[in-house]
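The values are calculated or read from the model by the stated rules, or taken from the named source; none is laboratory data. Please read all numbers here as calculations on a predicted model, not as lab measurements. Here the Cβ positions follow ideal geometry from the backbone for every residue, glycine too, while neighbour counts run over all protein chains shown. For the accessible areas, the whole protein counts, side chains as well, though only heavy atoms, and no ligand, DNA or RNA atoms are used. Shrake-Rupley method; radii C 1.70, N 1.55, O 1.52, S 1.80 Å.
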Amino acid sequence: EGNGPKPTETDKVKVDYHGTNIYGEVFDSSVESGEPITFELNRVIKGWPEGLQLMPVGSKYIFYIPYDLAYGKEAHSEKIGPYATLIFEVDLHEIVK
């Protein structure tokens with residue numbers, strides 16, 4: 001648990017993350033690419049803003065995002081099928097101003 005501020009729904013954040021499906025298959029990872037990613041919370045799947053708004057900067061959480069807060073009933077890729085639960089290890093580095 002970090003001790004920094006918590007982001008809001010409209011903030012831009014810098015994170016490291018590792019995303020897998022329920023079978024443990026990695027579908028995306030800034031950790032593996034070696035570069036943290038910066039994005040606006042209101043431009044990603046619904047589960048990310050919900051989870052990140054609970055995280056003080058400096059925290060590392062694991063999100064279990066159900067399909068309705070991820071990509072829904074549609075397949076998104078070969079490793080993210082319809083009704084997919086997604087698992088993310090997320091390390092919140094900073095709120096970008």
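For the reader, a short list of remarks on this structure follows.
- Cα-based Lys pair tally, the chain, threshold under 20 Å, eight or more apart or on separate chains: 13
- In loop segments of region 12-94 as defined by DSSP, the trypsin sites (Lys or Arg not before Pro) with at most 15 further C-beta atoms inside 10 Å of their C-beta are LYS46, LYS73.
- Portion, in percent, of the accessible area of the chain that falls on carbon or sulfur, probe 1.4 Å: 48
- Per-residue [θ]222 nm for the chain (sum of -39500 (n - 2.57) over DSSP H runs n ≥ 4, rounded to 500): -2000 deg cm²/dmol
- Heavy-atom accessible surface of the chain, averaged per residue, reaches 61 Å², computed with a 1.4 Å probe.
- For region 30-83, alpha-carbon Rg over 2.2 N^0.38 Å: 1.26
- Ignoring the sites themselves, the chain has its longest run without GluC sites (Glu not before Pro) in a DSSP loop having at most 14 other Cβ atoms within 10 Å at 26-73.
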